[in-house]
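The values are calculated or read from the model by the stated rules, or taken from the named source; none is laboratory data. Since the structure is predicted, the reported quantities are computational estimates derived from the model, not experimental observations. Note that each Cβ is placed from the backbone with ideal geometry, even for glycine, and that neighbours are counted across all protein chains shown.
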């Protein structure tokens, strides 16, 4: 790509392609917005993982076509993510079609067996999340929600404001 000397070419390629790739990623993220690296939906998560893979591929490219393809694929993913986010924001029907909703795994200190079965979450995993969230008593756990991203939110305290769980179907 740069030099006939293999060692010098590899070293130069790593430095130059890494720098150009990072500048490209920063520029695209600045244009599209911070949402690009969020994990708000399952698609956001996939885009973040794929972007890292494409960045690694760009840095390891041995030809300009492979390098350009990786950078353009990254930009395409970010643009698609941007467009999907706009569509989701403007259309509840579209959002419902492409995304699973959050689901209660626990409510008022009680496991919801059907939800655990449907979501394939083991009680032992749920208990680990409760410990991680510093939930000390089951009676203080207002709700545990499996979010659309796969994250588990543990809501504990004296009371649960309905606005926090708006849109989640109650058990």
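The table that follows gives values for the structure above.
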read-out: Given (1) within 22 Å of the chain's Cα centre (by Cα); (2) surrounded by 13 or more Cβ atoms within 10 Å (Cβ to Cβ); (3) modelled with pLDDT under 85, index of the condition residue 1 fails; value: (1)
read-out: Residue within the stretch 24-42 that is closer than 22 Å to residue 98 by Cβ, within 15 Å of the chain's Cα centre (by Cα) and surrounded by fewer than 12 Cβ atoms within 10 Å (Cβ to Cβ) present; value: yes
read-out: Among the candidates 80, 98, 112, residue that is under 18 Å from the mean Cα position of the chain (by Cα), surrounded by 12 or more Cβ atoms within 10 Å (Cβ to Cβ) and at pLDDT 90 or above; value: 80
read-out: Subset tally (residues that are more than 17 Å from residue 126 (Cβ to Cβ) and surrounded by 12 or more Cβ atoms within 10 Å (Cβ to Cβ)) for the stretch 154-164; value: 2
read-out: Criterion (at pLDDT below 95, farther than 30 Å from residue 13 by Cβ and touching a strand residue (DSSP E or B) at 6+ places or on another chain (Cβ under 9 Å)) met by exactly one of 88, 159; value: 159
